Amino acid sequence: MRRTFTAEEKASVFELWKNGTGFSEIANILGSKPGTIFTMLRDTGGIKPHERKRL
């Protein structure tokens, strides 16, 4: 089953990464796998994307 992250969890991933926390430690904090965290960060270049807004 695929793990989905809430907006708060995604924000914490980027904040932890920005503060120098590694993949494995972030995964342990969120109860996920390091590869999942790596993929999330890789897809955005490690930079938090802008929040989506509906007009």
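The values are calculated or read from the model by the stated rules, or taken from the named source; none is laboratory data. Everything quoted here is computed from the prediction, not taken from an experiment. So basically every Cβ, Gly included, is an ideal-geometry build from the backbone, and we count neighbours across all protein chains shown.
Results, tabulated for the structure shown:
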| read-out | value |
| --- | --- |
| Unmet criterion (only one of (1) at pLDDT below 95; (2) surrounded by 13 or more Cβ atoms within 10 Å (Cβ to Cβ)) for Leu55 | (2) |
| Condition met for Thr39 (closer than 20 Å to Arg52 by Cβ, out of contact with any Phe, Trp or Tyr (no Cβ under 8 Å at 6 or more places or on another chain) and among the hydroxyl-bearing types (Ser, Thr, Tyr)) | yes |
